[in-house]
Amino acid sequence: MRKALALSLVAVFCLAVAAYAGDTMEGKKVEGTVSKVDMAAKTLVVKAADGTETTVYWNDSTKLEGGELKEGQTVHIKASEKDGKMWASWVHVGEMKKM
């Protein structure tokens with residue numbers, strides 16, 4: 001009985017650590033159409049297919065591929081959440097090529 005309890009506690013602990021790591025690791029994806037760009041503030045608003053809008057911030061280390069970042073463009077973004085803001089590490093402008 002004690003062995004089963006100990007194994008259950010270890011399993012719960014492992015699941016909790018995995019869930020926490022998943023939330024803090026880079027890799028959240030944001031896809032949609034750019035509805036607003038503010039180059040001075042380094043922000044863009046992306047409208048997803050379901051209508052939700054997400055404000056994404058970028059900095060000098062953000063990689064930009066595919067073309068000019070402007071309203072109406074389709075974007076695919078890899079980002080992580082920090083201090084309540086979504087920070088992009090990679091932005092691809094335009095349609096993604098399938099391999």
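The table that follows gives values for the structure above.
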item: Residues within the range 61-99 that are on the phi > 0 side of the Ramachandran plot and touching a strand residue (DSSP E or B) at 6+ places or on another chain (Cβ under 8 Å), tallied; result: 4
item: Sole exception among (1) farther than 21 Å from Met96 by Cβ; (2) modelled with pLDDT of 95 or more for Ala21, by number; result: (2)
item: Filtered residues of the range 62-97 (kept if over 14 Å from the mean Cα position of the chain (by Cα) and surrounded by 15 or more Cβ atoms within 10 Å (Cβ to Cβ)); result: Gly66, Leu69, Gln73, Thr74, Val93
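The values are calculated or read from the model by the stated rules, or taken from the named source; none is laboratory data. For clarity, every value in this text was computed on a predicted model and none was experimentally measured. When we count neighbours, we look across all protein chains shown, and the Cβ atoms used for this are built from the backbone with ideal geometry, even at glycine.
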